[in-house]
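To start, the structure itself, in structure tokens.
The values are calculated or read from the model by the stated rules, or taken from the named source; none is laboratory data. Keep in mind that what you see is a predicted model, and the values were worked out from it rather than measured. We place every Cβ from the backbone using ideal geometry, glycine too, and count neighbours over all the protein chains shown. Remember, those area values only see protein heavy atoms, side chains included, never the ligands or the DNA or RNA. Shrake-Rupley method; radii C 1.70, N 1.55, O 1.52, S 1.80 Å.
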Amino acid sequence: MDLLSENKRAAIWSIALLIVGLLVWEMSISAQAINTGELTEYELLTGADTAKAGVPPPSEVAVKAWQELSNPFYDAGPNDKGIGIQIGYSIYRVLTGYFLAAIIAIPLGFLIGMSSVAYKALNPFIQVLRPISPLAWMPLALFIIQDSEASAIFVIFICSIWPMLLNTAFGVAGVREDWVNVARTHELGAFKTAFTVVLPAAAPTIVTGMRISIGIAWLVIVAAEMLVGGTGIGYYVWNEWNNLDLTSVIFSILMIGVVGMLLDAAFGLLQRRVAYVE
Amino acid sequence: MANSFLSIEKLTQRYPDGKGGEFTVFENASFGIEKGEFVCILGHSGCGKSTIMNILAGLSEPTKGVVKMDGFAVSGPSLDRGVVFQNYSLLPWLTALKNVTFGVAARFPDWTKQQVEDRSIAFLDKVGLSGDAIHRKPSQLSGGMRQRVSIARAFANEPKLLLLDEPFGALDALTRGTIQEELLKVWSGTDQTVFMITHDIDEAILLADRILLMTNGPLARVAESVEITIPRPRVRTDIVEHPNYYAIRNHLVQFLGKRSAELAGQVSAEGETHSPQTVRIDKTRGAADEQPLLQAVKT
Ligand SMILES: Nc1ncnc2c1ncn2[C@@H]1O[C@H](COP(=O)(O)OP(=O)(O)OP(=O)(O)O)[C@@H](O)[C@H]1O
Ligand SMILES: [Mg+2]
């Protein structure tokens with residue numbers, strides 16, 4: 001074992017844990033299934049043997065995943081769309097709300113970071129608005145915007161704006177004075193300074209904020225789509241729950257995790273690109 | 001002095017002392033620097049050297065007084081006054097080369113990318129940096145290499161006045177030696193004026209035409225201006241044998257060790273001007289006239 005690198009040993013452990021976990025899951029389900037053999041008449045009558053209502057074993061989830069992923073983009077009416085289409089809707093909403101937030105949060109964060117007056121003037125609003133659960137905005141958004149699609153995007157917008165705004169302000173305010181002085185002694189104008197010195201200097205902090213925001217946005221979209229319905233992975237989970245199709249529920253939960261991980265990894269990559277060592 | 005290339009006139013700097021009052025770092029400081037001169041300033045920590053330099057750079061405003069360069073009052077930073085900061089003056093997200101092209105592109109906005117890069121590479125080469133080192137980030141360079149990049153960036157811009165704030169403070173003695181020689185090499189043959197802060201007496205004697213001595217703060221003064229009467233080109237190993245070397249060195253040590261404290265903290269009368277006393281120590285003019293160690297000439 002000592003001959004293997006740390007990464008390899010970790011990978012072996014991960015796979016072992018996965019196999020053990022799946023085996024325990026599989027076995028506990030089949031143990032339940034045996035129980036159904038000794039059901040009382042009453043239990044049979046109340047439908048306790050309905051296979052659908054039970055928690056499915058991982059093998060069933062795997063089969064389901066195979067089916068869904070081999071044809072992810074089919075569209076057979078409003079209540080029967082491929083997982084790819086549902087996730088596509090969710091990603092579209094997340095990215096739209098997220099980029100709208102970025103367009104506002106980053107310039108505003110710059111302003112707040114550069115000017116202590118702007119910081120002091122805006123801080124009370126930020127402090128009150130920031131702790132509000134994004135879903136609390138939903139009724140208001142639905143009432144004012146009158147459109148469930150746009151309301152979901154608005155909720156994403158409002159939840160992703162704060163980490164980006166605060167991190168940008170924090171990053172910009174923390175730029176070393178020496179670096180700004182380098183720009184000043186080279187007679188760079190305000191815009192040139194902002195883009196060639198302040199932005200790269202604050203970029204790691206800003207991207208960290210962006211990464212936190214995308215994580216929150218992905219958490220919130222599931223809940224928002226459960227509320228507004230229609231399309232999206234959140235709606236899909238809820239719909240399958242109403243159908244009592246737990247196999248689909250578990251499968252979509254896994255997909256939510258995978259997509260969230262990919263979004264985070266993309267920002268992790270960006271973070272590494274803008275990182276620097278002082 | 002009023003017609004010097006750089007003239008510092010009645011400069012006063014006060015800061016809040018944190019207890020509601022004010023303290024005066026220096027008051028009515030006045031001195032001049034001639035074109036092409038290499039001037040070092042020596043003084044104890046906290047006496048206000050960096051404060052003076054930041055004012056010369058235009059990075060901060062004095063409480064009172066003016067700085068004139070070529071007869072025009074300095075206001076705000078300018079490409080005519082290059083600065084090498086003590087620390088962090090390189091942008092850590094750029095490679096060594098990009099740090100220099102950053103400056104050159106700002107200085108010569110009409111140049112093509114190739115011209116900018118060629119000049120940058122040439123100046124990096126002058127301070128002994130070439131090859132793959134110039135494509136590394138500052139964090140991947142040694143302290144000495146970083147400071148070389150700063151110097152290359154400053155000289156590549158051909159500023160009329162170059163301001164150096166303890167550029168070699170963090171370096172070991174050997175590296176210092178080589179970079180000092182590189183600095184002299186780059187500077188000689190230009191008509192650039194250099195104003196440099198240092199804590200190292202030997203470094204100041206090696207490099208400077210003239211050393212300004214500051215008393216301790218608060219209420220510090222630029223008390224003396226010591227001419228370095230050792231001909232150029234100077235080589236570290238040779239100058240120690242020059243008859244003036246130890247005389248000058250002793251004078252500087254005496255000042256920093258004793259008189260900088262004795263002269264400190266004198267409140268000046270209203271409107272008084274404090275110009276440094278010129279000190280010229282020269283033992284080469286023959287033992288016949290038996291020079292006193294200190295020959296003060298009031299200017
Ligand atoms: N922004 C400021 N606010 C208040 N006091 C300051 C400020 N900048 C400098 N000082 C004070 O002014 C004095 C001179 O500082 P300065 O940095 O010029 O010293 P220095 O001679 O460069 O010292 P060192 O050799 O240690 O670099 C110090 O007492 C310092 O505390
Ligand atoms: Mg200093």
In deg cm²/dmol, rounded to the nearest 500, the helical mean residue ellipticity at 222 nm of chain A, built from -39500 (n - 2.57) for every DSSP H run of length 4 or more, is -25500 deg cm²/dmol
Under 12 Å from the Cβ of B:Gln180, count the other residues' Cβ atoms, weight Lys and Arg +1, Asp and Glu -1, and hand me the total.
0
Could you name the lysines whose alpha carbon sits less than 18 Å from that of A:Lys64, not counting residues in the same chain fewer than 8 places away?
A:Lys52, A:Lys81
Just counting partner chain Cβ atoms within 10 Å, what average do the residues of peptide B:69-80 show around their Cβ?
2
Tell me, what is the 1.4 Å probe accessible area of A:Ile103, in Å² to the nearest 10?
110 Å²
Karplus couplings for region B:218-224 from phi (6.51 cos²θ - 1.76 cosθ + 1.60, θ = phi - 60°), rounded to Hz, Gly and Pro as x?
x, 6, 5, 9, 8, 8, 9
For B:Glu34, solvent-accessible area (1.4 Å; no DNA, RNA or ligand), Å²:
90 Å²
B:Glu241, B:Glu158, reordered so the largest accessible area comes first (probe 1.4 Å)
B:Glu241, B:Glu158
From DSSP H assignment alone, runs of 4+ in chain B each adding -39500 (n - 2.57), the sum over residues rounded to the nearest 500 puts [θ] at 222 nm at -9000 deg cm²/dmol
Residues meeting the amide H criterion for B:Glu37 (H placed from the backbone, H to H distance under 5 Å, 5 or more places apart or on another chain) are B:Val194
Quick check on region A:94-177: take the gyration tensor over C-alpha atoms, sort the square-rooted eigenvalues as a ≥ b ≥ c, and tell me if it's rounded (a/c under 1.5), prolate or oblate.
prolate
Largest to smallest accessible area among B:Lys49, A:Lys120, A:Lys192 [probe 1.4 Å]
A:Lys120, A:Lys192, B:Lys49
My understanding is that a pair violates if its Cα-Cα distance is over 19 Å; which of B:Lys49/B:Lys185; B:Lys137/B:Lys185; B:Lys10/B:Lys160; B:Lys126/B:Lys185; A:Lys192/B:Lys98; B:Lys10/B:Lys68 do that in this structure?
B:Lys49/B:Lys185; B:Lys137/B:Lys185; B:Lys10/B:Lys160
Which value, in debye to the nearest 20, describes the size of the charge dipole of region B:86-152 about its Cα centre when Lys and Arg Cβ atoms bear +1, Asp and Glu Cβ atoms bear -1, and nothing else is charged?
180 debye
I'd like the residues of region A:166-191 whose 1.4 Å-probe accessible area shrinks by no less than 10 Å² going from the isolated chain to the full set of protein chains.
A:Arg176, A:Asp178, A:Trp179, A:Asn181, A:Val182, A:Arg184, A:Thr185, A:His186, A:Glu187, A:Leu188
Can you work out D for the protein assembly as shown in µm² s⁻¹ from Stokes-Einstein, where Rh is the Kirkwood radius over C-alpha pairs, the temperature is 37 °C and the viscosity is 0.692 mPa s?
110 µm²/s
Stokes-Einstein D for chain B at 10 °C, 1.306 mPa s, Kirkwood Rh over Cα pairs, in µm²/s?
79 µm²/s
Would you calculate the volume per residue, in Å³, of the smallest convex hull containing every Cα atom of region B:86-152?
78 Å³
Can you give the net charge of the other residues whose Cβ lies under 13 Å from the Cβ of B:Lys160, counting K and R as +1 and D and E as -1?
-2
For region B:93-106, in residue order, the Karplus 3J(HN,Hα) values (coefficients 6.51, -1.76, 1.60; θ = phi - 60°; whole Hz; Gly and Pro = x) are 8, 10, 6, 3, 4, 5, 4, 6, 5, 3, x, 5, 5, 6
Over all directions, average the projected area of the Cα convex hull of region B:59-184 and note it in nm².
8.8 nm²
Find the accessible area per residue for the protein assembly as shown; the probe is 1.4 Å, ligands and nucleic acids are left out, and the unit is Å².
50 Å²
To the nearest 100 Å², how much accessible surface do chains B and A cover up together, summed over both, with a 1.4 Å probe?
1800 Å²
Please state, as a whole number in µm²/s, the translational diffusion coefficient that the Stokes-Einstein equation yields for region B:4-88 at 25 °C and 0.890 mPa s, with Rh defined as the Kirkwood radius across alpha carbon pairs.
178 µm²/s
Label point 7 Å beyond Cα of A:Ala266 along Cβ direction - residues of region A:156-172 with amide nitrogen under 20 Å:
A:156-165
Quick one: pull the percentage of alpha-carbon pairs in chain A with a separation above 23 Å.
66 percent
Using a 7 Å offset from Cα along Cα-Cβ at B:Thr178, what residues in region B:135-155 end up with backbone N under 19 Å from the label point?
B:135-153
Using Cα-Cα distances under 8 Å and only pairs 6 or more residues apart, what relative contact order does region B:81-221 have, in percent?
29 percent
How much of B:Glu203 can a 1.4 Å solvent probe reach, expressed as accessible area in Å² and rounded to 10?
10 Å²
What is the antiparallel percent of DSSP beta bridges lying wholly in the protein assembly as shown, to the nearest 5?
50 percent
Keeping all protein chains in place and using 1.4 angstrom, which order do B:Lys19, B:Lys283, B:Lys185 fall into by accessible surface area, from largest down?
B:Lys19, B:Lys185, B:Lys283
Percentage relative contact order, chain A, counting C-alpha pairs under 8 Å, at least six apart
22 percent
Computed label-point distance, nm, for sites B:Arg249 and A:Ala31 using a 7 Å Cα→Cβ extension
8.7 nm
Using the Karplus curve 6.51 cos²θ - 1.76 cosθ + 1.60 with θ = phi - 60°, work out ³J(HN,Hα) for each residue of region B:227-235 in order, rounded to whole Hz, and write x for Gly and Pro.
6, 9, 8, 10, x, 9, x, 9, 10
Using modelled amide H (1.01 Å from N, peptide plane; none on Pro or chain starts), what sits under 5 Å from the amide H of B:Glu224, excluding residues fewer than 5 places away?
B:Leu213, B:Gln277
Say a paramagnetic label sat at a point 7 Å from the Cα of B:Val267, along Cα to Cβ; which residues of region B:207-248 have their backbone N under 14 Å from it?
B:219
Determine the sum of side-chain charges near B:Arg221: Lys and Arg each +1, Asp and Glu each -1, restricted to other residues whose C-beta is under 14 angstrom from that of B:Arg221.
-1
Give me the log10 of I(q) over I(0) for region B:155-196 at q = 0.27 Å⁻¹, as the Debye formula computes it from C-alpha points; what are the numbers?
-1.03
